[in-house]
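A short write-up of the structure that comes next.
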């Protein structure tokens with residue numbers, strides 16, 4: 001059992017076959033496609049909430065005369081409601097994007113049985129295309145290209161940095 | 001052992017019986033030893049076959065499925081899927097070639 005070249009006894013699970021079965025099952029579940037979709041969707045939702053809260057501070061036409069005539073309490077209430085609505089819609093968008101991207105990438109990787117950048121690029125193209133599909137084929141093409149390029153940059157940075 | 005009145009003939013006969021019994025005992029002990037040896041040898045060969053098979057699977061699936069550039073220590077999804085399929089295919093190929101070999105051996109036997 002000292003070196004990998006020494007013949008390994010298959011009944012002892014190879015060289016380090018001493019992981020408890022619960023850990024193996026847990027790892028299998030974490031790596032399965034549905035779990036990845038859920039996790040990515042959840043992460044996208046959280047990110048969308050933060051992003052929406054941040055972006056709702058940009059003034060989108062709420063500084064009207066009648067708004068300024070309301071009481072402060074009323075103004076605060078309306079502002080918070082607007083923030084909440086924008087955050088929620090942004091969160092839903094990001095969750096959908098994350099889920100679709102992650103699910104597609106997982107399916108492609110399962111099909112190819114390889115792990116390289118092309119999984120992310122293809123998944124990005126499909127996600128961008130699907131998201132922009134209702135704006136016509138040219139928009140779908142641009143969405144595909146843009147999202148694929150974005151995914152390629154992120155993957156490249158993740159794989160080749162330090 | 002004194003046989004007294006029974007005479008030298010009876011003594012010789014019983015000596016012969018004792019000698020034959022000893023020989024049978026010795027030969028059955030030898031047989032037992034031979035069988036044990038054969039059994040242990042078969043067990044050893046089987047263990048060695050299984051170990052060789054295991055190491056061959058590990059080597060060939062590792063070469064096929066895991067690219068040489070390591071970015072992380074755990075198996076990712078693509079590699080896990082590849083290894084599952086590799087092991088399954090290895091056994092399938094093994095079984096199929098075994099069939100063909102035993103078929104060829106049978107044919108060879110019948111021709112002879």
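Key figures for this structure:
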item: Cα long-axis angle, helix B:77-111 against chain B (0 to 90 degrees, to the nearest 10); result: 50 degrees
item: Full-stretch length increase - residue B:97, residue B:63 - with 0.36 nm per residue and alpha-carbon distance subtracted; result: 10.1 nm
item: Pairwise Cα inverse-distance average, inverted: Kirkwood Rh of the stretch A:21-99 (Å); result: 14.8 Å
item: Inter-label distance for residue B:73 and residue A:112, nm, one decimal - labels placed 7 Å from Cα along Cα-to-Cβ; result: 2.7 nm
item: Ratio of the Cα radius of gyration of chain B to 2.2 N^0.38 Å, where N counts its residues; result: 2.29
item: Chain A, relative contact order [Cα under 8 Å, separation at least 6], %; result: 20 percent
item: Rounded to 10°, Cα long-axis angle of helix A:72-112 versus longest principal axis of chain A; result: 30 degrees
item: Expected 222 nm ellipticity per residue - DSSP helices of 4 or more, -39500 (n - 2.57), all of chain A, to 500; result: -25500 deg cm²/dmol
item: As computed over the protein assembly as shown, the Cα convex hull volume per residue (Å³); result: 299 Å³
item: Crossing angle, helix A:137-160 versus chain A [Cα axis fit, 0-90 degrees, rounded to tens]; result: 50 degrees
item: Within the stretch B:69-94, backbone nitrogen closer than 19 Å to the virtual label 7 Å beyond the Cα of residue A:22 toward Cβ; result: none
item: Efficiency of FRET between residue B:45 and residue B:19 - r from beta-carbon atoms, R0 41 angstrom, step 0.05; result: 0.60
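Bear in mind these aren't lab numbers, they're just calculated from the coordinates by the rules spelled out. Predicted model, so just to flag it, every value in this text is computed and none were measured. We place every Cβ from the backbone using ideal geometry, glycine too, and count neighbours over all the protein chains shown.
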